[in-house]
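Written below as structure tokens is the structure these notes are about.
The values are calculated or read from the model by the stated rules, or taken from the named source; none is laboratory data. Just so you know, these numbers come straight off a predicted model, no measurement behind them. For neighbour counting, all protein chains shown are included, and Cβ atoms are generated from backbone atoms with ideal geometry for every residue, glycine included.
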């Protein structure tokens, strides 16, 4: 049975992400939607992951290797949709860190604001294989 120090409650620093209009438009086109329709809701994965991934994967004490990571799902609670060109601020924390049968289950919550006002909350669930097995 794998043992580890839990990182539940760990908070990472805030990250500013500017929603570059060209990137947003390219993302919209990749979905087959009109870029003039604004920022697609699924673009939130981009700016929440930009805040989360470098920090959690770069945190050696978190013990997460990208090769053993599976991003299983993600959901969002919205206050409003962002606008292309807007700068958002995302801050992540580990809400759950549980081990079961060589699998680590992590839940990462990310609060996103724009101009100091709430924009959305992301809840991402990750699986991390810890037993080195198949």
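Taking first residues from region 60-76 that are part of a loop (DSSP other than H, G, I, E, B) and partners that are exposed (fewer than 11 other Cβ atoms within 10 Å of the Cβ), the Cβ contacts under 9 Å between residues at least 6 apart in sequence or on separate chains come to 63/5. Quick check on region 20-40. Is at least one of its residues buried (at least 16 other Cβ atoms within 10 Å of the Cβ), in a strand (DSSP E or B) and without any contact (Cβ under 8 Å) to a residue 40 or more places away in the chain? No: region 20-40 contains no residue that is buried (at least 16 other Cβ atoms within 10 Å of the Cβ), in a strand (DSSP E or B) and without any contact (Cβ under 8 Å) to a residue 40 or more places away in the chain. Scanning region 42-56 for any residue that is touching a helix residue (DSSP H, G or I) at 6+ places or on another chain (Cβ under 6 Å) and either surrounded by fewer than 16 Cβ atoms within 10 Å (Cβ to Cβ) or farther than 15 Å from residue 124 by Cα (or both) turns up nothing. From the list 69, 31, the lone residue that is in contact with a strand residue (DSSP E or B) (Cβ under 8 Å, 6 or more places away or on another chain) and at pLDDT 90 or above is 69. For region 89-108, state whether one or more residues are part of a loop (DSSP other than H, G, I, E, B) and under 26 Å from residue 25 (Cβ atoms). So far as region 89-108 goes, no, none of its residues is part of a loop (DSSP other than H, G, I, E, B) and under 26 Å from residue 25 (Cβ atoms).
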